[in-house]
Amino acid sequence: MATWSAPGKVFLFGEHAVVYGKPGIAMAIKPRVIVTVRESRYHQKPNSPYIAECFRLMDVKGSVYVRSQLPSSSGLGSSAAVTVATLCAINDEFELKKTKTEIADLAHQVEMSAQNGRASATDTYVSTFGGMVLVRGSEKRRLLPPQNFSLVIGNTLVSHSTSEMVGKVAELRKNSPDIAEPILDSIAAITMHAMHNLDNQKEFGNLMNMNHALLDALGVGHPMLSKLVLAARSAGAYGAKTTGAGGGGSMYAICSKSSRNRVAGAIEGCDARAITTTIDTDGARKEKDE
Ligand code: MEV
């Protein structure tokens, strides 16, 4: 029996644009998914297509038990975390001796097949290694996060499908490239500005607000996301934006320590769930078997 866990993530900047080779910044967060795998001749077919694909790719049979601190379909990388933790647990249980880099690559392959061939390696890389990362195509650069970088996440409780949202942007790009391309280029420029302003919360917040507006323009907004973003800004956040695929899922806000509770309260006041969290630097890790 082997038990591993892997963290969720927030996309700080650049979601969707990153699918087309533009830069994106993502950060691992504290809540994680814990997966136990046991070798077994009687292989139960897993309910999750991600877990089924992990067993198929690794060519092994076993049983699996999942516990999650991350809401699913919420834009917080739960499918990547489940994939990474499952691959690590399989790797350990069957002594396959894959490195973490190989696990991250395999996890990306799993997401690609679940998202119709359109997935950046961001979620799976960040979940495997933890920390804050700039991703651009196959390049991954680890960023030094600012001190005490905490954020308030607002989960709309509206579930969404990442592959559907990725498909929506692909359609806009195909039908109206003259509209979609400049939006994706602007998101890329905002991401690069953000990378140079990690320590300047006010400017970081302004850039978040711009990125949010451009995600709306791409068609991946949702009334609940708009509501939470506006509520967080009115409660004093420096900035608030959708995180992840959109169309539901989650947003996050950056605010001063003194306004953090007010921002979380404003989000809860909209019948959504607030999570105050910070960076995870462990990435995937082995846990005690229970
Ligand atoms: C999903 O968390 C982020 C997207 O950019 C898709 C991806 O990067 O694979 C929408």
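A few points about this structure:
- Across the range 71-97, the number of residues qualifying as closer than 27 Å to residue 246 by Cβ and surrounded by fewer than 23 Cβ atoms within 10 Å (Cβ to Cβ) comes to 3.
- Annotation: of all residues in the range 9-43 being within 10 Å of the ligand (Cβ to nearest atom) and small (Gly, Ala, Ser), the one that is nearest to residue 78 (Cα to Cα) is 26.
- Residues in the range 129-187 that are open to solvent by less than 60 Å² (accessible area, probe 1.4 Å), in a loop (DSSP other than H, G, I, E, B) and either closer than 18 Å to residue 13 by Cβ or in contact with a Pro (Cβ under 8 Å, 6 or more places away or on another chain) (or both): 130, 131, 137, 145, 146, 149.
Conditions tested, residue by residue: (1) in contact with a strand residue (DSSP E or B) (Cβ under 9 Å, 6 or more places away or on another chain); (2) away from the ligand (no atom under 16 Å from the Cβ); (3) closer than 18 Å to residue 23 by Cα.
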residue: 233; (1), (2), (3): yes, yes, no
residue: 248; (1), (2), (3): no, no, no
residue: 262; (1), (2), (3): no, yes, no
residue: 281; (1), (2), (3): yes, yes, no
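- Output for the range 229-278, where each listed residue is under 20 Å from residue 77 (Cα atoms) and of a type in the set (Ser, Thr, Tyr): 242, 243, 250, 252, 276, 277, 278
- Condition met for residue 100 (of a type in the set (Lys, Arg), open to solvent by 30 Å² or more (accessible area, probe 1.4 Å), modelled with pLDDT of 95 or more and within 12 Å of the ligand (Cβ to nearest atom)): no
- Test for residue 290: is it out of contact with any helix residue (DSSP H, G or I) (no Cβ under 6 Å at 6 or more places or on another chain), modelled with pLDDT under 95 and not assigned by TED's automatic domain parsing to the domain that holds residue 128: yes
- Screening the range 112-128 for residues that are of a type outside the set (A, V, I, L, M) and surrounded by 20 or more Cβ atoms within 10 Å (Cβ to Cβ) and picking the one that is farthest from the ligand (Cβ to nearest atom) gives 128.
- Condition check for residue 208: surrounded by 19 or more Cβ atoms within 10 Å (Cβ to Cβ), outside any loop (DSSP other than H, G, I, E, B), in contact (Cβ under 8 Å) with a residue 60 or more places away in the chain and touching a Lys or Arg at 6+ places or on another chain (Cβ under 7 Å): yes
- Subset tally (residues that are crowded, with 24+ Cβ neighbours inside 10 Å, touching a helix residue (DSSP H, G or I) at 6+ places or on another chain (Cβ under 9 Å) and among the polar types (S, T, N, Q)) for the range 212-244: 1
- Pairs meeting the criteria (first residue in the range 17-36 and over 30 Å from residue 67 (Cβ atoms), second residue aromatic (Phe, Trp, Tyr), beta carbons under 9 Å, at least 6 apart or on different chains) are 23/13.
For (1) in the same structural domain as residue 93 (by TED's automatic domain parsing); (2) small (Gly, Ala, Ser); (3) within 30 Å of residue 35 (Cα to Cα), each residue gets a yes or a no:
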| residue | (1), (2), (3) |
| --- | --- |
| 181 | no, no, no |
| 193 | no, no, no |
| 217 | no, yes, no |
| 233 | no, no, no |
| 249 | no, yes, yes |
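Let's see how each residue does on (1) free of Cβ contacts under 8 Å to residues at least 40 places away in the same chain; (2) touching a strand residue (DSSP E or B) at 6+ places or on another chain (Cβ under 9 Å):
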{"site": "158", "(1), (2)": "no, no"}
{"site": "174", "(1), (2)": "yes, no"}
{"site": "182", "(1), (2)": "yes, no"}
{"site": "186", "(1), (2)": "yes, no"}
{"site": "198", "(1), (2)": "no, yes"}
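The values are calculated or read from the model by the stated rules, or taken from the named source; none is laboratory data. It should be emphasised that the depicted structure is a prediction, and the values quoted were computed from it without experimental measurement. Glycine gets a Cβ as well: all are built from the backbone with ideal geometry, and neighbour counts include every protein chain shown. These area figures cover heavy atoms from the full protein model, side chains too; ligands, DNA and RNA do not enter into them. Shrake-Rupley method; radii C 1.70, N 1.55, O 1.52, S 1.80 Å.
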